[in-house]
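Contents: one structure, followed by commentary.
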Amino acid sequence: MRRVGVIAPYPEPFPELPDLPDGRSMTHTCKWNTTMKTSSTFLALLAATALGTSVALADQTKIFIPEGSANAVRVIDGETGDMISRIEGVDAVHGLAGSANSPYLVAGSYMEVDRDDLAEMDRPAAVSADEHEAHHAKPKKAMGPSDAGVSLLSIIDAESMSVLRKIDVPGAVHHVSISPDGRFAVSTHPSGDGISVVDLSTLKVSAWIATGSLPNYAAFGADPGIAYVSNAGNGTISEVDLARGIVLRNFVAGDTPEHIALDDQTGRLYVADADVGVVAEIDMGSGQMTRSFDIGDEIHGVDLSGDRKSVYVAAKGSNRLASIDIATGAVAMSPLSPDPYHLTTMPGGDTILVSSRSEPKVWMVDAATMTPRGEIMIEGEGHQMVVMQPRH
């Protein structure tokens, strides 16, 4: 098994920002322990196109891993295994999102801060002192619940890997998703029972929308204006119109729906009912649950395979990785220990990235054999991972 040591076409218009440093001055290399570094199989799988959080970026494939308590995002060059950069100053980062149609990564903090301390925090280089003070001043009318704390979204330039600015949002951020057209960033706020919406053309919060108890995860289908949000506290999925700022429908989705994966070609949503260890399949047209797949014990991350024929599930409670054959409903299991946690399918679908909740690492799992082919060593805990592909 290879062990890797790592440190971590746009739509217009976007807001004018000062020129940024290229962010590559911190680059240095670290060696893999085997010659698999140059494996043609590994290089090929990173160059292909995939679902979910695989998006386009410059001339390199990059893996971005939020490190939670380490307060940073680590970045790996997917083709060479060299360390590219460590994006620091993103406290308690948990949620992370990117899109092929946005120049930004959006990172959410799972920590709340005192508003009086915001003006004293370090300001991004691209923001003037006056802008920084004005941006973090107490608003005339608070958005979100009246008792909501304040947390931060970090807007990161995906190419330079520089933090452009930080946006105040109402309450700790769990997960983040960017719409397919790159316009909206949606963050879930469990303490406030709702989501915040940031318009990425202005880098401002455009809406707060109450969804349900303990919103956990957000995903998009074919319509970039509609988000689907899992509410772990009341067992529902909310279908949300972002422009109008309203919930259109709520679907029943088990007991504790958390991570979700949506196939916009078939109109099926796959929901991790975390505490009961079941994956629910929901028809988005009718809003009805069509099937359920019993994994057992506590489950966490889910994602679709590259060919959309399987659903991968991190079976955290039983230390296993599950693969559901969508056509037949058959469930295959493979041991993966300890505590498989967040999960993202790599471009091409040949490799699955799975973080461990209890150890600072991310497994690279061969999708064909369901066994690890290598490990990425990190700090903290690996949360919502993003893969960025080259633009051609």
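Where in the stretch 265-351 are there strands (runs of 3 or more DSSP E), lying fully within it, with 2 or more residues that are aliphatic (A, V, I, L, M), within 23 Å of A227 (Cβ to Cβ) and in contact with a strand residue (DSSP E or B) (Cβ under 6 Å, 6 or more places away or on another chain)? Let's see the steps before the verdict.
On the way: elements: 268-273, 278-283, 288-294, 302-304, 310-315, 320-325, 331-335, 340-345.
Correct list: 268-273, 278-283, 302-304, 310-315.
Could you identify the single residue in E239, E258, E281 that is in contact with a Lys or Arg (Cβ under 6 Å, 6 or more places away or on another chain) and within 26 Å of P170 (Cβ to Cβ)? Before the answer, list the steps.
Values: E258 fails: in contact with a Lys or Arg (Cβ under 6 Å, 6 or more places away or on another chain); E281 fails: within 26 Å of P170 (Cβ to Cβ).
On inspection, the qualifying residue turns out to be E239.
Hey, G81 hits all of (1) closer than 30 Å to G306 by Cα; (2) at pLDDT 65 or above; (3) in contact with a Phe, Trp or Tyr (Cβ under 8 Å, 6 or more places away or on another chain) but one; which does it fall short on?
Single failed check for G81: (2).
Looking at the stretch 293-308, is at least one residue in contact with a Lys or Arg (Cβ under 6 Å, 6 or more places away or on another chain) and within 15 Å of D366 (Cβ to Cβ)?
No - not one qualifying residue is present in the stretch 293-308.
Kindly indicate whether any position in the stretch 345-360 is modelled with pLDDT of 95 or more, over 29 Å from G235 (Cα atoms) and not polar (S, T, N, Q).
Yes.
Can you name the residue in the stretch 283-304 that is more than 21 Å from the chain's Cα centre (by Cα) and aliphatic (A, V, I, L, M) and is also farthest from P347 (Cα to Cα) among such residues? Quick ask: steps written out before the conclusion?
To start, the set of residues in the stretch 283-304 that are more than 21 Å from the chain's Cα centre (by Cα) comprises 283-297.
If we keep only those that are aliphatic (A, V, I, L, M) too, we end up with 284, 289, 295.
Details: M284: 25, M289: 29, I295: 25 Å.
Checked the stretch 283-304; the qualifying residue farthest from P347 (Cα to Cα) is M289.
Residue check: is N231 more than 18 Å from S109 (Cα to Cα), surrounded by 18 or more Cβ atoms within 10 Å (Cβ to Cβ) and touching a Pro at 6+ places or on another chain (Cβ under 9 Å)?
Details: more than 18 Å from S109 (Cα to Cα): yes; surrounded by 18 or more Cβ atoms within 10 Å (Cβ to Cβ): yes; touching a Pro at 6+ places or on another chain (Cβ under 9 Å): yes.
So N231 passes the test.
Scan the stretch 151-199 residue by residue and report those that are in a loop (DSSP other than H, G, I, E, B), of a type in the set (D, E, K, R) and surrounded by fewer than 21 Cβ atoms within 10 Å (Cβ to Cβ).
Step one: list which residues in the stretch 151-199 are in a loop (DSSP other than H, G, I, E, B), which gives 158-161, 171-175, 179-183, 193.
Now narrow it down to the ones that are of a type in the set (D, E, K, R): 159, 181, 183, 193.
Selection gives E159, D181, D193.
Are any residues in the stretch 362-392 touching a Lys or Arg at 6+ places or on another chain (Cβ under 6 Å) and closer than 16 Å to A72 by Cα, and if so, which ones? Working first, answer last.
Within the stretch 362-392, the subset touching a Lys or Arg at 6+ places or on another chain (Cβ under 6 Å) is 364, 366, 374-375, 377-378, 388.
Across the stretch 362-392, the qualifying residues are M377, I378.
Give me the pairs: first residue in the stretch 167-190 and basic (K, R), second residue crowded, with 24+ Cβ neighbours inside 10 Å, beta-carbon distance under 7 Å, and six or more apart or on different chains, which are they?
Filtered contacts from the stretch 167-190: R183/L200.
Taking interchain pairs and intrachain pairs at least six residues apart, which have beta carbon atoms under 7 angstrom, with the first residue in the stretch 93-121 and farther than 10 Å from L152 by Cβ and surrounded by fewer than 18 Cβ atoms within 10 Å (Cβ to Cβ) and the second among the charged types (D, E, K, R) and at pLDDT below 95?
The qualifying pairs are R115/K138; A119/E133.
For the stretch 337-346, which residues satisfy the criterion of being surrounded by fewer than 24 Cβ atoms within 10 Å (Cβ to Cβ) and not aromatic (F, W, Y)?
S337, P338, D339
Among the residues of the stretch 208-222, what is the count of those that are under 15 Å from R183 (Cβ atoms), in contact with an Asp or Glu (Cβ under 9 Å, 6 or more places away or on another chain) and crowded, with 21+ Cβ neighbours inside 10 Å?
Qualifying residue count for the region: 1.
Please enumerate the residues belonging to the stretch 200-228 that are farther than 14 Å from F184 by Cα and not in a loop (DSSP other than H, G, I, E, B).
Correct list: A210, P215, N216, Y217.
The values are calculated or read from the model by the stated rules, or taken from the named source; none is laboratory data. This is a predicted model, so every value here is computed, not measured. So basically every Cβ, Gly included, is an ideal-geometry build from the backbone, and we count neighbours across all protein chains shown.
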